[in-house]
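J.: Following this message is one structure expressed as structure tokens.
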Amino acid sequence: MPSLRVSAITPSYNQGRFIGRTIDSVLSQGIDGLEYVVMDGGSTDETVAVLESYAGRLRYVSERDKGQPDAVNKGIAATSGEVIAWLNSDDVYFPGALKAVLEVFEKNPEVDVVYGDGDHIDVNDAFIEPYPVEPYDLERFKTRCIICQPAAFFRRRAVARLGALDLRWQYTLDYEFWLRLAKGGAVFAYLPRKLAGSRFYPQTKTSGARLKVHAEINDMLAHTFGSVPDRWLCNYAHALVREKWKVGEGSLVSTPALAAASLGASFRWNRGVSPALARTVASWLTRGLVRPGEGL
């Protein structure tokens, strides 16, 4: 069977301190015929100078865009490989990742998405913790994001059939994309091998906007499936109570506030309260202090 061609796409904006490590991790994969494009959103830091230092080894465009999903979509449109590798400008591939993924695709022509394990890494590439990846199960996937974005790869045919990234989602662009592919019947395969490092630090887009992230997750799930799982409603409630209402964990009003926020979120997104959520909230109120993630 002839080898599949890989198109690697890196969306970028003002990540000059990391992007060289990202690029090196791609180019060092040793993949014949690798097509690599960096779609930069008009960075004002050292990013363009770094990109120019790789002249002849990749292509890049630096111009204003409509955000990360727009940059990825432009990269998809500018490339032609059968397999698409999307790696953000502060993340890295681990050695041998692309070869391992291609083996799965070549041996399983019915598979549309291959994803593996990943680690959260810090600004110095040091290990923080493993990303909570799980074997594929759609119902489980609706309640938690079990795919580490830099450790996921997809065939171009899936985009042709089910669409590229949706520009309305700036925080949940990858989660929505995977769920939309799954809803559309795409075949997922889990590869139990560490493939990538997802950088985690205070300046990342999601880490400093937890309440906005959870609100967008709920908006996206309601749009995609018509309702939001109780787990995500409660996660939003935790963020609301801590970040907006400023109720400290362990205070006397913490549990009643969380209960009220969870019920309010359910009415906001689901126009009602499920029996399971009603039981969960009742158990919180009878047992006292609730910590994030408990009872969900």
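The values are calculated or read from the model by the stated rules, or taken from the named source; none is laboratory data. This structure is a prediction, so every number in the text was calculated from the model and none was measured. Cβ atoms come from the backbone with ideal geometry, glycine included; neighbour counts cover every protein chain shown.
J.: Under the condition of being of a type outside the set (Phe, Trp, Tyr) and within 19 Å of the chain's Cα centre (by Cα), which residue from segment 8-24 is nearest to residue 98 (Cα to Cα)?
T.: 8
J.: Return the residue satisfying two criteria in turn: it lies in segment 153-182 and is more than 14 Å from the chain's Cα centre (by Cα) and of a type in the set (D, E, K, R), and of such residues it is surrounded by the fewest Cβ atoms within 10 Å (Cβ to Cβ).
T.: 157
J.: Sticking with this one: Is it fair to say residue 224 is among the polar types (S, T, N, Q), modelled with pLDDT under 95 and within 20 Å of residue 169 (Cβ to Cβ)?
T.: In short, no.
J.: State which residue pairs qualify: first residue in the same structural domain as residue 164 (by TED's automatic domain parsing) and among the hydroxyl-bearing types (Ser, Thr, Tyr) and inside segment 179-191, second residue surrounded by 20 or more Cβ atoms within 10 Å (Cβ to Cβ) and not in a strand (DSSP E or B) in any location, beta carbons under 8 Å apart, and separation of 6 or more residues or different chains.
T.: Once the first residue is in the same structural domain as residue 164 (by TED's automatic domain parsing) and among the hydroxyl-bearing types (Ser, Thr, Tyr) and sits in segment 179-191, its partners that are surrounded by 20 or more Cβ atoms within 10 Å (Cβ to Cβ) and not in a strand (DSSP E or B) give 190/133.
J.: Next question. Hey, among 92, 26, which residue is out of contact with any Gly (no Cβ under 9 Å at 6 or more places or on another chain), of a type in the set (A, V, I, L, M, F, W, C), surrounded by 22 or more Cβ atoms within 10 Å (Cβ to Cβ) and assigned by TED's automatic domain parsing to the domain that holds residue 115?
T.: Just one listed residue meets the conditions, 26.
J.: Moving on to the next point. Which of the residues belonging to segment 137-166 are more than 20 Å from residue 194 (Cα to Cα), in contact with an Asp or Glu (Cβ under 6 Å, 6 or more places away or on another chain) and among the polar types (S, T, N, Q)?
T.: Within segment 137-166, no residue meets the criteria.
J.: Further question on the same structure: Quick one: in segment 33-61, which of the residues that are among the charged types (D, E, K, R) and assigned to a loop (DSSP other than H, G, I, E, B) is surrounded by the fewest Cβ atoms within 10 Å (Cβ to Cβ)?
T.: Among them, the one singled out is 57.
J.: Scan segment 225-271 residue by residue and report those that are closer than 24 Å to residue 138 by Cα and part of a loop (DSSP other than H, G, I, E, B).
T.: Residues satisfying the conditions are 226, 227, 228, 229, 271.
J.: Take segment 137-149 and flag every residue that is buried (at least 17 other Cβ atoms within 10 Å of the Cβ) and not charged (D, E, K, R).
T.: Within segment 137-149, 141, 145, 146, 147, 148, 149 meet the criteria.
J.: Is it fair to say residue 131 is surrounded by 13 or more Cβ atoms within 10 Å (Cβ to Cβ) and either within 30 Å of residue 219 (Cβ to Cβ) or at pLDDT below 95 (or both)? Spell out the reasoning first.
T.: On the way: surrounded by 13 or more Cβ atoms within 10 Å (Cβ to Cβ): yes; either within 30 Å of residue 219 (Cβ to Cβ) or at pLDDT below 95 (or both): yes.
When the stated conditions are applied, residue 131 passes them.
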